[in-house]
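Here's the structure, in structure tokens; my notes come after.
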Amino acid sequence: PSPPLPPPMGAAASMPAARNGPFAPSLSHTTRVVRLYRTSLRTARDWAVDIELWIVEATKIRAQFDKNRDVGPARARQLVDEGLAKLIDYRHPDPYIPNYLKGGSKYQRNVPPPPELANSSHPPDEFLMK
């Protein structure tokens, strides 16, 4: 037998919890569609190297969502599930993280001092009495 094929690049990268949780089946259909759309735009941003390229991809994504706006409920659920599977396949192995968020290059770069040091801006009284 031949060796198994490696998974696609998107499947090899684990989906962060922040991008996985919003698709719980208990959410309303509208909420799932909105979250799928926003996450699709973020995923397209991960792959685009230029804002013009991202705008073109965002327009294509919007056209796909608009094309399926007036389908029945069963077909709509199926489309959301297919969209989520496609989103997982297209994940970037190193997604863009804004520098000020956790995982970004500037996250907690200037950590504030502990409160016990921040509140004691004056020397202790025993040093002042000398």
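Is there a residue in the range 53-67 that is within 20 Å of R35 (Cβ to Cβ), loosely packed, with under 10 Cβ neighbours inside 10 Å and acidic (D, E)?
yes
So, E57, is that one modelled with pLDDT of 90 or more, closer than 27 Å to G103 by Cβ, out of contact with any strand residue (DSSP E or B) (no Cβ under 9 Å at 6 or more places or on another chain) and not small (G, A, S) or not? Let's see the steps before the verdict.
Working: modelled with pLDDT of 90 or more: yes; closer than 27 Å to G103 by Cβ: yes; out of contact with any strand residue (DSSP E or B) (no Cβ under 9 Å at 6 or more places or on another chain): yes; not small (G, A, S): yes.
Here the answer is yes, as E57 does meet what is asked.
When you check T43 against the structure, is it of a type in the set (S, T, Y), at pLDDT below 95 and buried (at least 17 other Cβ atoms within 10 Å of the Cβ), yes or no?
Values: of a type in the set (S, T, Y): yes; at pLDDT below 95: yes; buried (at least 17 other Cβ atoms within 10 Å of the Cβ): yes.
Judged against the criteria, T43 is a match.
Which members of the range 4-40 meet the condition of being open to solvent by less than 50 Å² (accessible area, probe 1.4 Å), hydrophobic (A, V, I, L, M, F, W, C) and at pLDDT 55 or above?
Listed by number, the residues that qualify are F23, A24, V33, L36.
Can we say V49 is open to solvent by 90 Å² or more (accessible area, probe 1.4 Å) and of a type in the set (V, I, T)?
Numbers: open to solvent by 90 Å² or more (accessible area, probe 1.4 Å): yes; of a type in the set (V, I, T): yes.
Here the answer is yes, as V49 does meet what is asked.
When you look at Y107, is it in contact with a helix residue (DSSP H, G or I) (Cβ under 6 Å, 6 or more places away or on another chain), at pLDDT below 90 and open to solvent by 90 Å² or more (accessible area, probe 1.4 Å), yes or no? Step through it out loud before you land on a result.
Values: in contact with a helix residue (DSSP H, G or I) (Cβ under 6 Å, 6 or more places away or on another chain): no; at pLDDT below 90: yes; open to solvent by 90 Å² or more (accessible area, probe 1.4 Å): yes.
Taking the combined requirement at face value, the residue does not satisfy it.
Which pairs have Cβ atoms under 8 Å, sit 6 or more apart or on different chains, and link a residue in the range 61-89 that is closer than 21 Å to A24 by Cα and among the acidic types (D, E) to one that is open to solvent by less than 90 Å² (accessible area, probe 1.4 Å) and in a loop (DSSP other than H, G, I, E, B)?
D89/P8
The values are calculated or read from the model by the stated rules, or taken from the named source; none is laboratory data. Note that the coordinates shown come from a computational prediction; the quantities given were computed from them, not determined experimentally. Glycine gets a Cβ as well: all are built from the backbone with ideal geometry, and neighbour counts include every protein chain shown. With ligands, DNA and RNA removed, areas are computed over all heavy atoms of the protein, side chains included. Shrake-Rupley method; radii C 1.70, N 1.55, O 1.52, S 1.80 Å.
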